[in-house]
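All remarks here apply to the structure that follows.
The values are calculated or read from the model by the stated rules, or taken from the named source; none is laboratory data. Note that this is a predicted model, so its numbers are computed, not measured. Backbone-built Cβ (ideal geometry, glycine too); neighbour counts: all protein chains shown.
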Amino acid sequence: MSPTPPLKLYNTLTRGKEAFVPLDPSNVRMYVCGPTVYDFAHIGNARPIIVFDVLYRLLRHVYGAEHVRYVRNITDVDDKINARAAERGISIRELTEETNEVFQADVKALGCLEPDVQPRATEHIAQMIAIIERLIASGHAYAADGHVLFDVPSMKDYGRLSRRSLDEMIAGARVDVAPYKRGDMDFVLWKPSKDAEPGWESPWGRGRPGWHIECSAMSWKHLGEVFDIHGGGIDLVFPHHENEIAQTRCAFGHDVMANVWMHNGFLQVEGEKMSKSLGNFVTIHELLNTERFGGRKWPGEVLRLAMLRTHYRQPIDFTVKALEEAKATIDDWGRATTGVSPSVPTAEFVDALSDDLNFAKAEAHLHMLRKSEPAALAANANFIGLVLPRFISSDLAIPSLTISSGHVTVDAHATFGDHIDAEVISIRERVDKLITVRNAARAAKNWAESDRIRDELAAMGVALKDNKDGTTTWEVKR
Ligand SMILES: [Zn+2]
């Protein structure tokens, strides 16, 4: 199946939008740099995760889910991890496990599909050593003082991705001067570990990898020497991606590591660069679970829509106002799609996304469907992982509540009046009615029935709270 028009993606390597041609349409391969698991992921980290999840969904739609392989790594060996574990007095393993668990929960709440593989750096040390050995053998790396360094001047077109010359890089970079380095820009592939630091045996003594070599090793293992798409935040272009390219290309002798390099733009919060010292540092976990930002918890789909509304290559200003606007839209779409069965995604919608993820155009189409075709709106929203609120989704079944011939009946006992048009009963009213029935059951001390209705509502995502004054209030649990 081939899309019309074809998928077009902006490639940082060529600085242009290009028709995407996979190396093998039956095995489309994408790698995205994942988190270093030492702290909660912040809202800036959420951006590549959401953007590349949409691309993953689009690729699966175009090429078939079984023909796309998405790899997003977990960096679980890093000096920041060592420092944080020591600070908290816990083991590295405890810290990385705990952080990864929160990360996975955050990402799930944001409506992202799990990548096909989430490799961990510590499980790929053998591949790292193998690449480093190749680089030494081909004259692109050298060992000195327990370290192994990549010899940057040995690679003729180093700097092609960031389009900087070696001189510019040296002038612009904060160069670490070290006696074991031959050239200023040479970077660490392997470094020695002290006894207290994590380390692995290697031909250069007990040590640990540099950060860049981790991604070269994991992408090689899971996607091969050359693959289709490599993604990440724009801040990773230099030096991280430049160095990944240098390692992989020099180890395997290809012209490219990945054909297409995609980068999402910066994120700032309320007009300022996010930083701990400015106090505007916001984690995904806080947005989802606390009222710190804007005085309320934000559902994952609201964060997702707010994020997608700025084109992925543009800088984004993350504000409470943007979240409020996204929430209003989600609520409105939720109401519009009450009781409808999602149909199939519309071609206009898929075409808009196929133009380098043009979400503005795709969203304009959604607003048009809002008026005329709510089933298509629901289908398109599902398509990009924007799951509209559960309690108003079409597949919501309330088994004990039957609507027929204009009558609403609960368990054939209670009747809620005649001539109620099934179409206009909102879920909110249905929930309220179920609560009324449950309260009647409670008054009659029919606890089994009361519990049954509570469970039924819980299955719909509705949580009840019985108040002292005999009333029951409810909220939707996310
Ligand atoms: Zn990486």
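Overview of values
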| quantity | calculated |
| --- | --- |
| Residues of the stretch 132-152 satisfying the condition of being in a helix (DSSP H, G or I), in contact (Cβ under 8 Å) with a residue 24 or more places away in the chain and either over 36 Å from the mean Cα position of the chain (by Cα) or crowded, with 22+ Cβ neighbours inside 10 Å (or both) | I132, L135, V152 |
| Residue, modelled with the highest pLDDT, within the stretch 301-344, restricted to residues that are part of a loop (DSSP other than H, G, I, E, B) and buried (at least 20 other Cβ atoms within 10 Å of the Cβ) | Y312 |
| Looking only at the stretch 169-192, and only at residues there that are surrounded by fewer than 19 Cβ atoms within 10 Å (Cβ to Cβ) and at pLDDT 80 or above, the one that is nearest to I131 (Cα to Cα) | P192 |
| Whichever residue in the stretch 30-40 is out of contact with any Pro (no Cβ under 8 Å at 6 or more places or on another chain) and under 16 Å from H263 (Cα atoms) and, among such residues, is farthest from the ligand (Cβ to nearest atom) | M30 |
| Any chance T248 is closer than 20 Å to A121 by Cα and of a type in the set (S, T, N, Q) | yes |
| Residue among G16, G111, G64, G89 that is out of contact with any Pro (no Cβ under 7 Å at 6 or more places or on another chain), under 30 Å from F318 (Cα atoms) and exposed (fewer than 15 other Cβ atoms within 10 Å of the Cβ) | G16 |
| Neighbours by Cβ (under 6 Å, 6+ apart or cross-chain): first from the stretch 11-40, assigned by TED's automatic domain parsing to the domain that holds G233; second in a loop (DSSP other than H, G, I, E, B) and within 16 Å of the ligand (Cβ to nearest atom) | L13/L161; G34/N73; P35/A41; T36/D78; V37/D76 |
| Helices (runs of 4 or more DSSP H) (entirely within the stretch 346-388) containing at least 1 residues that are crowded, with 20+ Cβ neighbours inside 10 Å and at pLDDT below 95 | 374-383 |
| Yes/no for N264 being within 16 Å of the ligand (Cβ to nearest atom) and either crowded, with 23+ Cβ neighbours inside 10 Å or modelled with pLDDT under 95 (or both) | yes |
| Odd one out for E270, checked against (1) within 16 Å of the ligand (Cβ to nearest atom); (2) free of Cβ contacts under 8 Å to residues at least 60 places away in the same chain | (1) |
| Residue count for the stretch 201-252, restricted to those that are within 12 Å of the ligand (Cβ to nearest atom), in contact with a helix residue (DSSP H, G or I) (Cβ under 8 Å, 6 or more places away or on another chain) and small (G, A, S) | 6 |
| Unmet criterion (only one of (1) among the acidic types (D, E); (2) modelled with pLDDT under 95; (3) within 30 Å of R69 (Cα to Cα)) for D145 | (3) |
| Output for the stretch 430-448, where each listed residue is under 14 Å from D466 (Cα atoms) and basic (K, R) | R438, R442 |
| Check on E244, free of Cβ contacts under 8 Å to residues at least 12 places away in the same chain and within 26 Å of I50 (Cβ to Cβ) | no |
| Tabulated pairs, the stretch 205-216, first assigned to a helix (DSSP H, G or I), second of a type in the set (F, W, Y), C-beta under 8 angstrom, 6+ apart or interchain | H212/F187; I213/W190; C215/Y31 |
| Candidates L278, L287, filtered to the one that is assigned to a loop (DSSP other than H, G, I, E, B) and of a type in the set (A, V, I, L, M) | L278 |
| Condition broken by K221, with the remaining ones in (1) touching a Phe, Trp or Tyr at 6+ places or on another chain (Cβ under 8 Å); (2) over 24 Å from V21 (Cβ atoms); (3) modelled with pLDDT of 95 or more satisfied | (1) |
